[in-house]
Amino acid sequence: MQEVKQETKQDLTKYKILVVDDDDDLREIMFSIFKAQGFTVFEADNGKKAYEIVTSENIDMLISDIRMPGGDGLTLLEKVKSYNPTIPIVIFVTGFSDVSVSECIKKGAKNVFSKPFNQKELVSYVKESLGI
């Protein structure tokens, strides 16, 4: 049984996930969650840095906060969709955000999760979206 898990992790390394959040602790949690699943994970603390990664790596999934200094999630969403409209983007919203879920979807977000998020639901959604 252990060998099957390792084989799965090796298979998942071909999928590149970018986690973007200015909250260091939350970003590290999401990074660790996806790394433990076996994904190749990149991280950025703002939209500007995230866009640099998107244009230099072949990202399969982008998970971003909305409100961040140095480049917010909606601006990132628009830039990424202009650069490569096929990258699925998941956006996080908080109860304090002045951005609605429907606005995120209209701008091209594949899905929207609220903070705090359910780890199992997020991982399950990412795997399903990537066809895993």
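What follows is calculated from the coordinates using simple rules that are stated; it is not laboratory data. Not measured: the values here are computed from a predicted model. Cβ atoms come from the backbone with ideal geometry, glycine included; neighbour counts cover every protein chain shown.
In the chain, taking the dipole from charged Cβ atoms about the Cα centre, the farthest positive-side position among Gly38, Ser82, Thr55 is held by Ser82.
Lysine pair count for the range 46-124 (Cα-Cα distance under 26 Å; residues 8 or more apart in sequence or on different chains): 25.
Throw me the Rg/Rh for the chain, computed over C-alpha atoms with Kirkwood Rh, two decimals. Each step should come with its number before you reach the end.
Details: Rg = 14.2 Å, Rh = 14.8 Å.
Dividing the radius of gyration by the Kirkwood radius yields 0.96.
Just tell me, in residue order, which DSSP H segments of the chain are both 18 angstrom or longer along the helix axis (alpha-carbon based) and at least -0.5 in mean Kyte-Doolittle hydropathy. Result, helices passing both filters: 24-37.
Please give the calculated 222 nm ellipticity per residue for the chain, where each DSSP H segment of at least 4 residues contributes -39500 (n - 2.57) and the sum is spread over every residue; nearest 500 deg cm²/dmol? Please list the in-between numbers first.
Working: 6 runs with 63 residues, N = 132.
Result for the chain, helices only: -14000 deg cm²/dmol.
Per the Debye formula on identical point scatterers at the alpha carbon atoms of the range 70-132, with no solvent, log10 I(q)/I(0) at q = 0.14, 0.18, 0.27, 0.29 Å⁻¹ is -0.42, -0.69, -1.24, -1.29.
Cβ-Cβ distance of Glu121 and Asp11, R₀ of 25 Å, FRET efficiency by 1/(1 + (r/R0)^6): the value works out to about 0.70.
Given a cut-off of under 8 Å on Cα pairs at least six residues apart, what relative contact order in percent is computed for the chain?
Working: 204 pairs, mean separation 26.2, N = 132.
Relative contact order of the chain: 20 percent.
Between Lys81 and Glu28, the modelled labels are 3.3 nm apart [label points 7 Å from Cα along Cα→Cβ].
Here the peptides 40-46, 66-72 are ranked by packing, the mean other Cβ count within 10 Å, and the order with the highest first is 40-46, 66-72.
For the range 28-79, the percent of C-alpha pairs falling in each 5 Å distance bin, counted from 0 to the bin holding the largest distance, reads 4, 21, 30, 24, 16, 5.
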